1. Among the residues of the range 165-178, is any under 23 Å from the mean Cα position of the chain (by Cα), farther than 26 Å from Asp262 by Cα and within 15 Å of the ligand (Cβ to nearest atom)?
2. What pairs can you find where one residue is in the range 214-232 and free of Cβ contacts under 8 Å to residues at least 12 places away in the same chain, the other is away from the ligand (no atom under 16 Å from the Cβ) and assigned to a helix (DSSP H, G or I), and their Cβ atoms are less than 9 Å apart, with a gap of 6+ or different chains?
3. Scan the range 229-257 residue by residue and report those that are more than 8 Å from the ligand (Cβ to nearest atom) and more than 30 Å from Asp282 (Cβ to Cβ).
4. Among the residues of the range 54-70, which ones are within 16 Å of the ligand (Cβ to nearest atom) and touching a helix residue (DSSP H, G or I) at 6+ places or on another chain (Cβ under 9 Å)?
5. Name the residues in the range 204-228 that are part of a loop (DSSP other than H, G, I, E, B), more than 8 Å from the ligand (Cβ to nearest atom) and closer than 26 Å to His100 by Cα, would you?
6. Can you tell me how many residues within the range 180-197 are of a type in the set (Ser, Thr, Tyr) and touching a residue at least 24 places away in the same chain (Cβ under 8 Å)?
7. Just to verify a result, which residue in the range 56-65, among those that are within 26 Å of the chain's Cα centre (by Cα) and part of a helix (DSSP H, G or I), is surrounded by the fewest Cβ atoms within 10 Å (Cβ to Cβ)?
Amino acid sequence: MGGAEGSSAREMDEVNEAFIGCVQASTAIVRYPLPGTRWRRGVQGRARLEEFFRRYLPARRAHEGDDLFSVLCHVESEDGERFSDDDVVNHMIFLMMAAHDTSTITLSTAMQYLGQHPEWQQACRDESEALGTNTPTFAQLDQLTTLDLVIKECQRLVTPVPGIVRRAVADTEILGHFIPKGTLINVGLHYTHHMPDLWPDPEHFDPGRFSPERREDRVHKYAWSPFGGGAHRCLGMYFSGAEIKTVLHHLLLRYRWHVPADYVAPMNFTSLPFPNDGQPIDLRVR
Ligand code: HEM
C-alpha cells in the first residue's frame, strides 16, 4: 500500500494502539505517568486520540452527515445550546470504549461459541434466511429470537464490562458488611454471571437457559446484568442489540465458520476482556 491509503492504514493502527492504551490504563494501580507504566501509555494514548478527533472535527462541523461524530457536532438543545469542541471529542473517546469495544467483544464471543456449536449456528442462520433480506428493519430484527438467546448467553459468559465501580456516598451495609462512606466498590458483573448459586452449570454454553420456558436469569433481578443497573444503566442497550444482530445476520448469511470444540480462549482481563491469541476462526464463504 502506498500514498494516502498507506498513511491512513498506519494512522488507524496508531489510533487503535492509543485506544488500547487508554482502555488498559483504566485499571492501573499506579496512577502517575512514570515511564513504562500502563498509566503513561494511557495518558499518551488519550493525547493521541484527542489530536485525532480534533483534526477531523472542522470537517464534521462543516458538513451535516448522519454518522455519530457529525451528529454530535450539530445536535442542538431546545435553547439552541450545542456541544463545544471539547465535549464532542470527549464523547467520541468515551463512545469508542462504551459503544464500540463492548459490541465487538460480544461479536467475537458469539463468533467463538457459534463456531463451536454448529447446531446453534445453523438455527440462527435458518432464522436469518427466513427473514429474506440483507437490510432488516428493527421489527424484522425482533424476529431473530434464537440470536437473542445466543447474544444473551455470550454476554453472560464473557461479560464485556466485567465490573463497574461505585463510591459509597454514605456509611452503609451490604449483606452484613459495613461499607464506610467514600469506599470504592467494584460490582463484579462477570463474577455474578458465573456464580453457581445463580446459574446451573455456569461454564456451559446453553443459550436455551434464557428461553421463555426456562428464564434462568429470573433467579435474581441482577443475575444477568451486562448493561449494569439503576440510574446509569447502559444508554445504548437497545441500540447495541440491533447493531450486534445486524452484523451477525450478515455473517450468518455469507459465511459458515468453525472453531474446535475444545478451544478455550486465553482471555486477558486487564480491562475489557479480549483473547490474547487473536481468536483464530476457520471462516469460509458459503
Ligand atoms: C454490548 C454492548 C454494550 C455493553 C455490554 C454495555 C455496557 C454498559 C455498562 C455495564 C454500563 C454501566 C456503567 C456503569 O454503571 O458504571 C454502560 C453505560 C453506558 N453505555 Fe453501554 N454498553 C454497550 C453498548 C453501548 C452502546 C452501543 C452505546 C452508545 C451508542 C453505549 C452507551 C453507554 C452510555 C452513554 C453509558 C453511560 C450511561 C450513564 O452513565 O448514565 N453503550 N454500558
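The values are calculated or read from the model by the stated rules, or taken from the named source; none is laboratory data. The structure presented is a predicted model; accordingly, all values stated were derived computationally and were not measured. Using ideal geometry, Cβ is built from the backbone for each residue, glycine included, and neighbour counts are taken over all protein chains shown.
1. yes
2. Arg214/Gly208; Arg215/Arg209
3. Tyr238
4. Asp67, Leu68, Phe69, Ser70
5. Applying the first criterion (part of a loop (DSSP other than H, G, I, E, B)) to the range 204-228 yields 204-206, 211-215, 220-228.
Okay, now just the ones that are also more than 8 Å from the ligand (Cβ to nearest atom), so 204-206, 211-215, 220-224.
The answer is Phe205, Asp206, Tyr222, Ala223, Trp224.
6. Looking only at the range 180-197, we keep the residues that are of a type in the set (Ser, Thr, Tyr), and these are 183, 191-192.
Still in the list and also touching a residue at least 24 places away in the same chain (Cβ under 8 Å): 191-192.
Total satisfying the criteria: 2.
7. Only one residue fits best here, namely Tyr56.
To keep it simple, each residue is scored yes or no on (1) surrounded by fewer than 12 Cβ atoms within 10 Å (Cβ to Cβ); (2) in contact with an Asp or Glu (Cβ under 8 Å, 6 or more places away or on another chain).
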residue: His220; (1), (2): no, no
residue: Trp224; (1), (2): no, yes
residue: Thr246; (1), (2): no, no
residue: Tyr263; (1), (2): no, no
residue: Leu272; (1), (2): no, yes
residue: Asn276; (1), (2): yes, no
